[in-house]
1. Confirm whether residue B:79 is on the phi < 0 side of the Ramachandran plot, outside the structural domain of residue B:400 (by TED's automatic domain parsing) and surrounded by fewer than 18 Cβ atoms within 10 Å (Cβ to Cβ).
2. Go through region A:129-151 and give me each residue that's within 11 Å of chain B (Cβ to nearest Cβ) and in contact (Cβ under 8 Å) with a residue 60 or more places away in the chain.
3. Are any of the residues in region B:349-359 surrounded by 14 or more Cβ atoms within 10 Å (Cβ to Cβ), within 14 Å of chain A (Cβ to nearest Cβ) and part of a strand (DSSP E or B)?
4. Kindly indicate the residue of region B:60-86 that is in a strand (DSSP E or B) and within 14 Å of chain A (Cβ to nearest Cβ) and also farthest from residue B:387 (Cα to Cα) among those meeting that condition.
5. Could you name every one of the helices (runs of 4 or more DSSP H) located completely within region B:138-256 that has at least 3 residues being among the aliphatic types (A, V, I, L, M) and within 14 Å of another protein chain (Cβ to nearest Cβ)?
6. Could you please let me know if residue A:50 is more than 14 Å from chain B (Cβ to nearest Cβ), in a loop (DSSP other than H, G, I, E, B), more than 17 Å from the chain's Cα centre (by Cα) and surrounded by 18 or more Cβ atoms within 10 Å (Cβ to Cβ)?
7. Between A:36, A:97, A:42, which is in contact with an Asp or Glu (Cβ under 6 Å, 6 or more places away or on another chain), in contact (Cβ under 8 Å) with a residue 12 or more places away in the chain and either surrounded by fewer than 18 Cβ atoms within 10 Å (Cβ to Cβ) or more than 14 Å from chain B (Cβ to nearest Cβ) (or both)?
8. Can you tell me which residue among B:191, B:208, B:226, B:151 is surrounded by 21 or more Cβ atoms within 10 Å (Cβ to Cβ) and modelled with pLDDT under 90?
Amino acid sequence: MAQVILDRLVATFTAGEIEEIGSQHGNEWARVRRDAWTSVCAFLRDDSTTDMKMASDLTCVDRMGREPRFDVVLHLYSVTMKHRVRLYAGVPEDDCAVDSVVGIWPGMDWFEREAYDLYGVRFRGHPDLRRILMYPEFVGHPLRKDYPKEKRQPLVRRSGIPGSPE
Amino acid sequence: MKTEKTLTPLERGGASSQAEGSRRIVLGVQEPDDLDLPTDPLPLNMGPSHPAMHGTVRMVLDVEGEKITSVDLQIGYLHRCFEKEAEHATYTQIFPYTDRLNYVSPMLNNVGYALAVEKLLDIDKKVPERAQFIRVIVGEMSRITDHMTCLGAGAMELGAFTVFLYMLKAREWLYELLEEVSGARLTHSYLRIGGVSADLPEGFSAKLLDIIARSRGVIEECGKLLNKNRIFRDRMDGIGIITREEAIAWGITGPVGRSTGFDYDVRRDHPYLVYDRFNFDVAVGSVGDNFDRYMCRIEEMHQSMRILEQALEQIPDGPVIINDPRIRLPAKSETYNSIEAMIAHFKVIMDGIHVPPGEIYSFTEGGNGELGFYIVSDGSGRPWKCRVRPPCFANVSILPKILPGLFIADIVPTFGMINMIGGECDR
């Protein structure tokens, strides 16, 4: 359905910016080289055949054990063409950063803050990158696979609250 | 005896003794100098424990007099680790968590989640037709309860307490019927992967038609109380305007998006379940202010009722869950009377439904807009990642842009009509 987007991407970015493309369950996806992340995004928004004026969702996947460890995942939608595409950008753990797309879709502001908060991926150029769901004193990034589910970090430390010092 | 005559010059805020950068206004003192509103920016904290903030959000405002100059919106007070919990639960166990996302329309979340998993399992076309109709019916009932809560609470915050009571009365009729269907008033967990947990109860159709007729009367009555109400209109008209371009760039969908003229409804544009078999209109606004958002929701309730009437007419007989031993639980009578069914039951409960490796982004029309589920499966009985794309997260994120320039009192109707649901926004 949205094969036209992938064809267009492959035809336009010929210097290896598009690392892999595919389609599964009716979802078309493309893996984008990290340094071409914003240029591919801006192209998809502005090109008349793709016209992805809306970004539905931005999140992150921790694929622990694989290199690079994280994938930043972006879901785009075109209001006029009514087609969608999913983009991945691989982010390694030791250089955990990718360029921000807030300049392209201002609505991604909070979504990037959330991905930073829960996975620790920094978004270069984000205007206000701080935690959004957790509190500022929180240590670590809770949706990483190596963050134990049972771990407690209560903001108010009192005896009787799990995780507080006795 | 007038007590202000005894105040010392310092407390009166006299010009000579006033501390640099601070002013005090003492009530009862009538010198004009003392009544000027301070023009220095003043930080003002609103929430999280504030009746108009729905208990779950904090706003740090900078105000000049009554005028807002900047807003820092802080969410997360209702964060309950949905994703982390979902990664450790079987696919069936996630249903109760989805109930608690948008807790005024739990059925719609159930539907969105079930569809996502079914697409990964490649059974979305094999779900029995009757189950698909039931999903549409309970989903649209939930949409009506969602809008009734939003409009009732929004009107109450502007002083129209009667509307709140009327709307909640009608909402309760629907909740009672949903309780009859699922056994729970609010957290239904009624859907299952591959169908629904039980068939509709006897006499459901007649009861629902009766509720629809009575609810239409309630909505009309509330319209008479509000639509030409001077107080209501003054606080809704032209307040909190979002343009169509902003809505698209911010990913704002649902009634809030449509009120701006952004004509997008997943039910019509990307039909799922059996929505392509019904006639319904999509309400679209033109101004994008609070009143448009209110009117869009009113119209959507009417359209949902139209869908419900058509669905009740067309609903076929048949099974309500897919007959696939890997997915559905065996019937209780078999489970208790045969060892094979007992083992099958145990496997589905303990190991979970095994979903082939893959990734899916599935989206439906939730109460507040595009409700997306992005699920990554590694082939086991528990998802590797289960992400919700919450519609009101995007809707709320535009507030820091549209609130500056408005008055403090405008926050209440704007925040109410954006309809932030903490459970969904913070997850």
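1. On the way: on the phi < 0 side of the Ramachandran plot: yes; outside the structural domain of residue B:400 (by TED's automatic domain parsing): yes; surrounded by fewer than 18 Cβ atoms within 10 Å (Cβ to Cβ): no.
Answer is no for this residue.
2. Answer for region A:129-151, where residues must be within 11 Å of chain B (Cβ to nearest Cβ) and in contact (Cβ under 8 Å) with a residue 60 or more places away in the chain: A:143, A:144, A:145.
3. yes
4. Step one: of region B:60-86, the residues in a strand (DSSP E or B) are B:60-64, B:67-74.
Keeping just the survivors that are within 14 Å of chain A (Cβ to nearest Cβ) gives B:60, B:70-74.
On the way: B:60: 29, B:70: 31, B:71: 28, B:72: 26, B:73: 23, B:74: 21 Å.
Looking at residues that are in a strand (DSSP E or B) and within 14 Å of chain A (Cβ to nearest Cβ), I get B:70.
5. Values: elements: B:161-182, B:204-226, B:230-236, B:244-250.
The helices (runs of 4 or more DSSP H) meeting that bar are B:244-250.
6. Values: more than 14 Å from chain B (Cβ to nearest Cβ): yes; in a loop (DSSP other than H, G, I, E, B): yes; more than 17 Å from the chain's Cα centre (by Cα): yes; surrounded by 18 or more Cβ atoms within 10 Å (Cβ to Cβ): yes.
Yes; evaluated as a whole, the condition is true for this residue.
7. On the way: A:97 fails: in contact with an Asp or Glu (Cβ under 6 Å, 6 or more places away or on another chain); A:42 fails: in contact with an Asp or Glu (Cβ under 6 Å, 6 or more places away or on another chain).
When all the criteria are applied, what remains is A:36.
8. Details: B:191 fails: modelled with pLDDT under 90; B:208 fails: modelled with pLDDT under 90; B:151 fails: modelled with pLDDT under 90.
Exactly one of B:191, B:208, B:226, B:151 is surrounded by 21 or more Cβ atoms within 10 Å (Cβ to Cβ) and modelled with pLDDT under 90, namely B:226.
The values are calculated or read from the model by the stated rules, or taken from the named source; none is laboratory data. No experiment lies behind these values; they were computed from the predicted model shown. Cβ sites come from the backbone with ideal geometry, for glycine too, and all protein chains shown count toward neighbours.
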